[in-house]
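The structure appears below as structure tokens.
The values are calculated or read from the model by the stated rules, or taken from the named source; none is laboratory data. These numbers were taken from a predicted model, which means no experiment stands behind them. No Cβ is skipped: glycine too gets one built from the backbone with ideal geometry, and neighbour counts run over all protein chains shown. These area figures cover heavy atoms from the full protein model, side chains too; ligands, DNA and RNA do not enter into them. Shrake-Rupley method; radii C 1.70, N 1.55, O 1.52, S 1.80 Å.
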Amino acid sequence: MTTTETNSPQAARGRVYQRASMLLVLAGALAGLVTTLLPWVTAQVEGGQQLSASADVANPATLALSLAGLAGAAALWLIGRWPRVVLGVLLVLIGIAGVMTVATMADAQVLQRALERQLQLDPAGALNGGADLMPARTFAPWLAMLGGVLLAIGGALTVATAQLWQGGGRRYAVSGGGAASESVAQTKADVRVDQWDALSAGEDPTLDDGDVSSRENSQ
């Protein structure tokens, strides 16, 4: 890639799209990961204590989808144009899946089941198992949903603009391969020049140094 191509308006737009896509995917994945550390559902139990269920109980898919998005963000730097398009589609699907799994939290029965599972894990759960719980969502599911939306947007932007991005590690390999090809071509040209010089001097260019020495000794 020449300096002119690197500094062209199209290359500049490609860099902007590349950074925007990366930031969107990374922000979405990190938002989902942060929510796994927060309570998703809370409820008051007997004695004034508060029972809370985290993402690993209320929505275990969030952690897996967020890690997949984080891995996808890292892979975007390392792969070529068409693999980026495929990965962008996968990121869109991951983001949509994240939004859909969180959307189920709008159902009160889902919240109730999350608290019941938390009660089973709680050492004091047997004491509160028959309690009439009033579950409530925290802001964590909304943050996880936002993360899914950002992932989907970042993936869609990747699909739409991947052809404008600069190549990853491959461009260095192509550059090196081009230099090697030029070196080989130059070497072959030098050999042909030497052969023509040898013919002009009345020598046989097909003979190597050993053959020439043998002929001189025999003479």
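Failed condition for Ala12, given (1) open to solvent by 80 Å² or more (accessible area, probe 1.4 Å); (2) at pLDDT below 85; (3) within 25 Å of Leu157 (Cβ to Cβ), with all others met? Status for Ala12: all satisfied but (1). Just a yes or no: is a residue in segment 77-92 surrounded by 14 or more Cβ atoms within 10 Å (Cβ to Cβ) and within 28 Å of Arg137 (Cα to Cα)? Yes.
Here Gly125 passes the criteria (1) modelled with pLDDT under 80; (2) open to solvent by less than 30 Å² (accessible area, probe 1.4 Å); (3) in contact with a strand residue (DSSP E or B) (Cβ under 6 Å, 6 or more places away or on another chain) except the one numbered (3).
Considering every residue within segment 39-54, establish whether at least one is within 25 Å of the chain's Cα centre (by Cα) and either of a type in the set (A, V, I, L, M, F, W, C) or at pLDDT 80 or above (or both). Steps first, answer last, please.
Going through segment 39-54, the residues within 25 Å of the chain's Cα centre (by Cα) turn out to be none.
No: zero hits.
Considering segment 29-43, and only residues there that are hydrophobic (A, V, I, L, M, F, W, C) and under 23 Å from Ala152 (Cβ atoms), the residue that is surrounded by the fewest Cβ atoms within 10 Å (Cβ to Cβ) turns out to be Leu37.
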